[in-house]
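Undergrad: Before anything else, here's the structure in question.
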Amino acid sequence: MLMLMLMPMPGRRAGLQTSAPRVSASWRLGSGYKMTDWGQGDAGMSPMELYEKLTAQGDKVRTLKTAKADKTEVDAAIQLLVKLKVDYKGVTGQDYKAGCPPAEGVPASDNGQSGNGAEEDTVDPWNVATNSAKGVDYDKLIVRFGSSKVDQELVDRIEKVSGQKPHRFLRRGIFFSHRDMHQVLDAYEKQKSFYLYTGRGPHRRPCTWLQDVFDIPLVVQLTDDEKYLWKDLTLEDCHRFAVENAKDIIACGFDVNKTFIFSDLDYMGSSPEFYRNVVKIQKHVTFNQVKGIFGFSDSDCIGKISFPAIQAAPSFSNSFPQIFKGRKDVQCLIPCAIDQDPYFRMTRDVAPRIGYPKPALLHSTFFPALQGAQTKMSARKDTIEEHRQHGGNPDIDVSFMYLTFFMEDDEQLEKIRQDYTSGALLTGELKKLLIETLQPMITAHQENRKNVTDEMVKQFMTPRPLDFNF
């Protein structure tokens, strides 16, 4: 898995933050397309209109709190208030202050830039790019996408419900955003189980942790059909890559009695229930909506246009009758990189219209590109003396970013941060620490992968009951 995280793989980009120049976002809301999970933009409003809307929303939040309204309603109102504040600053270049309306003549910005002239990050299922040395601004993404922040309260609750120390991805904000995670935990506390659905991206170690501590099934979709539609590859090569991906996933230590890995090219043709869900989803999403969400054009093949329904189908438990005995009410939790969220906003919009529960999501940040978050790198190179004097910046140092993903010890990581910031730890020494951390993990994974046989792959990929009583 670790080698997969550090090296490009055939097929979909696996959650890597690229250093490609900014391109226009390929997903936008199509005409007339409204979803409750989509961030609601206020572009085109004047500064005064935004100010008045902000003031009214602040009043609404205070009224809800005074009336001790339902927490979900209060949280939604606060989330909209935060978004409006971001929009206001983007338009006026100033923070919102109650009782201080914008000066007359402040121009409204319509160029897609924030108030300080910085362009927004590009994040969609096919492109991830930023102009910031620190990488993608995830707080802004939460507002743009209309999701909720994974805060300390949620991390503490996961620890309480699971009885286990949270995975480092949760402790360190690598899983930074969610949809309906509290709802999943509420149900679990009432003895209602859930299941995990993920792909071949870099979420496998957290998935093994979630599977182990909650004792739940996991389904892993290998989208070899998507690879064929988007890449210049033969169908046979795409399927072969899927099998190789399965070996890497199995090497991460998943329990064969709790895990089903499937190739779309194999499973959809053998599971009527899965295909029926695909068709239900297709019927409830129009061509115009798909174009609006994913940026498809009239020249894209029809396979691309219909694919989102295939990625959505595993979100519903009755797509796997061999596991869930035909039940359609088992909630799904999807750990994924934030760039995959457009697929599942669409899924969540469709779910209640076809009688299914909405899937919950845990969004992760991206692995930084090895060359850094930006294409343009500073020409200035610190000497040892300059580094000792001024220190380094762990927020933009790729080696430190990678340590946050892979080093388990929180106290050791914090000491490294402090030493690097103060200049006591040099860049070369930081890189050496990363190598020392990664080498045993990579070696262990390579050894595990060598032991994965074709028979083991067949076991994991055969539709069958798992060790659960649904």
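Undergrad: Restricting to Cα pairs below 8 Å that are 6+ residues apart, what does the relative contact order work out to for segment 296-340? Please round to a whole percent.
TA: Details: 26 pairs, mean separation 10.6, N = 45.
Once divided by the residue count of segment 296-340, the mean separation gives 24 percent.
Undergrad: Given a 1.4 Å probe and every protein chain left where it sits, what share in percent of the accessible area of segment 168-303 is carbon and sulfur?
TA: Values: 2750 of 5480 Å².
Roughly 50 percent of what the probe reaches on segment 168-303 is carbon or sulfur.
Undergrad: What share of Cα pairs, in percent, lie more than 19 angstrom apart in segment 144-257? Before the final figure, lay out each step's value.
TA: On the way: 3543 of 6441 pairs.
More than 19 Å apart: 55 percent of the Cα pairs in segment 144-257.
Undergrad: While we're here: Of all the accessible heavy-atom surface of segment 306-376, with the other protein chains kept in place and a 1.4 Å probe, what percent is carbon and sulfur? Don't skip to the answer; put the middle values down first.
TA: Working: 970 of 1730 Å².
Roughly 56 percent, rounded to a whole number.
Undergrad: Sticking with this one: Filter the trypsin sites (Lys or Arg not before Pro) in segment 263-368 to those in DSSP coil with at most 16 other Cβ atoms within 10 Å of their Cβ, and list the result.
TA: On the way: sites: 276, 280, 283, 291, 304, 325, 327, 328, 345, 348, 353; in loops: 325, 327, 328.
Hits after loop and neighbour filter: 325, 327, 328.
Undergrad: Another one. If you filter segment 388-470 for GluC sites (Glu not before Pro), then keep DSSP loop positions with at most 14 other Cβ within 10 Å, what is left?
TA: Working: sites: 408, 411, 414, 429, 436, 447, 455; in loops: 408.
Hits after loop and neighbour filter: 408.
The values are calculated or read from the model by the stated rules, or taken from the named source; none is laboratory data. Note that the coordinates shown come from a computational prediction; the quantities given were computed from them, not determined experimentally. Note that each Cβ is placed from the backbone with ideal geometry, even for glycine, and that neighbours are counted across all protein chains shown. Just the protein is used for accessible areas: all its heavy atoms, side chains included, with ligands, DNA and RNA removed. Shrake-Rupley method; radii C 1.70, N 1.55, O 1.52, S 1.80 Å.
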